[in-house]
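The values are calculated or read from the model by the stated rules, or taken from the named source; none is laboratory data. Everything numeric in this text was worked out from a predicted model, so none of it was measured. Cβ: placed from backbone, ideal geometry, glycine included. Neighbour counts: every protein chain shown. For accessibility, only protein heavy atoms count, side chains too; no ligands or nucleic acids. Shrake-Rupley method; radii C 1.70, N 1.55, O 1.52, S 1.80 Å.
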Amino acid sequence: GLELHDPIGSAIAGNVLYTADNGSRHVRSFDLSTGRPLDAVEIPGTGFINGIAGDGSGTAYLSNTTTNTLYKITSDGAVSVFAEGTPLNSPNGVAMDNDGNIVIINIGDNAVITYDTNGRVIKEENAVEAGNDGVVVLPDGTKYVSSVRFGSVSKIDSSGAEIIASGIPSAASMCYDSIQNQLVIPMNPNYSLAFI
């Protein structure tokens, strides 16, 4: 059967669950309805593969935190470098915005960078604090960013950035629960979740 080796990031796009399986250096995909494995794409090179997002058409975007790289993986399993170097600074969390652009956050600083599908930076914003891990983009365009290093959550909208929560130990990657209208944030070393 399928073995996972240190799965780090995960994302749902369409009816597919993607996971960045860092230990095996593969992006694995699963049918969301049945759980059946669909594909395993090997990521070349070295480094720490981490955050992942999918666009619903079978294309996924994957961060490599230690090499300052963002990969693009197409539905046919082709892997290419989508973005590399500045402004990426230990990139981590990846999300898709409502226009199909790719939003990525850095651990190395507080940058929130939006790329179009051609790999051009079209927007640069900043969370209040650095050391960021998780990013969520709501339907209205509001972004939420969790800082794993400082234990806070920044809200970024048209009026700027503000901290909406703090004191969250190791606030890692997060998701948005649209039914309860809340962010769900894992606190890995504490074996627990924070709800905001």
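Odds and ends about this structure:
- Residue check for residue 169: assigned to a loop (DSSP other than H, G, I, E, B) and open to solvent by 40 Å² or more (accessible area, probe 1.4 Å): yes
- Any chance residue 74 is modelled with pLDDT under 95 and surrounded by 13 or more Cβ atoms within 10 Å (Cβ to Cβ): yes
- Considering (1) within 19 Å of the chain's Cα centre (by Cα); (2) under 17 Å from residue 2 (Cβ atoms); (3) part of a strand (DSSP E or B), the lone condition that residue 23 does not fulfil carries the number (3).
- Extreme residue, farthest from residue 90 (Cα to Cα), among residues of region 172-196 that are β-branched (Val, Ile, Thr) and assigned to a loop (DSSP other than H, G, I, E, B): 179
- Every residue from region 7-20 that is free of Cβ contacts under 8 Å to residues at least 24 places away in the same chain and more than 16 Å from residue 133 (Cβ to Cβ): 15, 17
- Residue selected from region 144-166 under the condition part of a strand (DSSP E or B) and free of Cβ contacts under 8 Å to residues at least 24 places away in the same chain, by the criterion farthest from residue 196 (Cα to Cα): 160
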